[in-house]
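**Q** Please see the structure below; I have some questions.
Derivation of every value follows stated rules applied to the coordinates shown; laboratory data play no part. Here the structure is a predicted model, which means the values were calculated and not measured. Note that each Cβ is placed from the backbone with ideal geometry, even for glycine, and that neighbours are counted across all protein chains shown.
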Amino acid sequence: MIDLHELINNPSREALATWLAEEDQTKVEQLWEAAGRCKSETIGDSVWLRGIIELSNICERDCLYCGIRCSNRKVDRYDLTETQVLAAADFAWKERYGSLVIQSGERTGTDFVKRITKLVRTIKHQTNNTLGITLSCGAQPLETYREWYQAGAHRYLLRIESSNPNLFAKLHPSDGRHGYTTRLQALKNLKKIGYQTGTGVMIGLPGQSVFDLADDLLFFKELDIDMVGMGPYLEHKDTPLFALRDQLIPQDKRLILTLKMISLLRLIMKDINIAATTALQAIDPLGRERAVLAGANIIMPNMTVPQFRPNYQIYNNKPGINEDAELSKSKLERNLAEMGIKIAWDEWGDSLHHQKRT
Ligand code: 5AD
């Protein structure tokens, strides 16, 4: 049996990187199992669901990896109407998801800010305060985060993308708007306001080493983060980073690397929420379920109306673009049942880590 005590009690960069590079299948499976057990013992073995609404693919940012970057003129831009968002929220509520996520391309401007505030308030009201709301609308000023928090959002997701400032710089334009420090400060502001704060990274990026990934795990711990969503980097042909595709490890290896990242994170941060992300499902139809067995405890089924799904392709071959919310839900339920994974219905599924921290 593998001994993980040292790693758990005193995680070092070297030990984490060694695990990430581990190729012995038996050992890797033991790691996944140990992390799965750790999750069951700490927070139980059910998964919590958050229905996700992709509010708009209009984005002011130009990240070099992302299919909906503002320079990509091939994308049909959309903005859901209030009625469409409220209908999705109603679906989440009636289907007993417990929580929803509103995600959007990053936008500034008072109209956008006020619109989110109003949506959050209305959804809270419409569901008698019973539906938890997570926002994922990019790096925003502190006052905006505060306004949305006061309106009723209590969780926020903002990925750091890579905790290595040099690698981060290679993934973003150097125009001052996309700075690493701005993003880091945004995460700190979210925590200060009181949000359950989530971040994450992409795994298998060109030029990324296992040491970078080990540093990402230590970054989450250092920042004392409440939730993490991380997934494999996936190519999008209409982005500048596509030019570096020859440098990538194969997608199946990116999947394994992501599962290892999830397991190691579970072992070093036992009580946080960890998402099994959609990008895993793009590589393996059961990728999310495998992540749950390896230590993740959150899944975010898509609730965006089918009409707009093809336009929210942050990477190529995003799964579920021909499905509606009903079908995404029933397929997920079937997969989870097949793998013996239970769902905790009607619960907010707050981060235990956040409860202890505050
Ligand atoms: N591959 C994988 N993940 C991506 N994201 C954006 N583009 C890609 C891509 N090509 C992720 C980023 C972002 C989240 C919403 O989607 O990490 O934070």
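**Q** Could you work out [θ]222 nm for the chain from helices alone, using -39500 (n - 2.57) per DSSP H run of at least four and dividing by all its residues? Round to the nearest 500 deg cm²/dmol.
**A** Taking each H run of at least 4 residues, the total per residue is -13500 deg cm²/dmol.
**Q** Can I ask one more? Loop by DSSP (not H, G, I, E, B), at most 15 other beta-carbon atoms within 10 Å: where is the longest site-free stretch of the chain for trypsin sites (Lys or Arg not before Pro)?
**A** Free of exposed loop sites, the longest segment is 238-341.
**Q** Let me ask another. Can you give me the Cα centroid spacing of segment 1-66 and segment 187-237 in angstrom?
**A** Taking the Cα centre of each part, segment 1-66 and segment 187-237 sit 11 Å apart.
**Q** For the chain, count all C-alpha to C-alpha pairs, find those more than 34 Å apart, and express that count as a whole percent of the total.
**A** Here the tail beyond 34 Å accounts for 19 percent of pairs.
**Q** What list of ³J(HN,Hα) values in whole Hz, one per residue of segment 220-230 in order, does the Karplus curve 6.51 cos²θ - 1.76 cosθ + 1.60 (θ = phi - 60°) give from phi, with Gly and Pro shown as x?
**A** Using θ = phi - 60°, the values come out as 4, 5, 4, 6, 6, 7, 8, 8, 9, x, 9 Hz.
**Q** Treating the beta-carbon of each Lys and Arg as +1 and of each Asp and Glu as -1, no other charges, what is the dipole magnitude of the chain about its Cα centre, to the nearest 20 debye?
**A** Value, rounded to 20: 900 debye.
**Q** Related question: Just going by the charge dipole of the chain, with Lys and Arg at +1 and Asp and Glu at -1 on Cβ, which of GLN251, LEU7, ASN189 is farthest out on the positive end?
**A** ASN189
**Q** What ratio of Cα Rg to 2.2 N^0.38 Å holds for segment 172-258?
**A** 1.22
**Q** Turning to a different aspect of this structure: Which of the residue pairs LYS39/LYS329; LYS221/LYS331; LYS39/LYS331; LYS39/LYS318 have a Cα-Cα distance greater than 30 Å in the structure shown?
**A** From the list (LYS39/LYS329; LYS221/LYS331; LYS39/LYS331; LYS39/LYS318), the Cα-Cα distance tops 30 Å for LYS221/LYS331.
**Q** Of ALA139, LEU264, LEU157, which is farthest along the charge dipole of the chain in the positive direction, counting Lys and Arg as +1 and Asp and Glu as -1 at C-beta?
**A** So the residue furthest toward the plus end is ALA139.
**Q** Separate question: Tell me, for the chain, which Cys residues have no other cysteine's C-beta sitting closer than 4.7 Å.
**A** So far as the 4.7 Å Cβ criterion goes, CYS38, CYS59, CYS70, CYS137 stand without a partner in the chain.
**Q** Determine the alpha carbon to alpha carbon distance for each of LYS27/LYS237; LYS114/LYS188; LYS253/LYS342 and list only those over 30 Å.
**A** LYS27/LYS237
**Q** For LYS191, go through the aspartates and glutamates and keep the ones whose alpha-carbon is under 16 Å away, minus same-chain ones fewer than eight residues off.
**A** Partners found: GLU143, GLU147, GLU222, ASP224, ASP226, ASP350.
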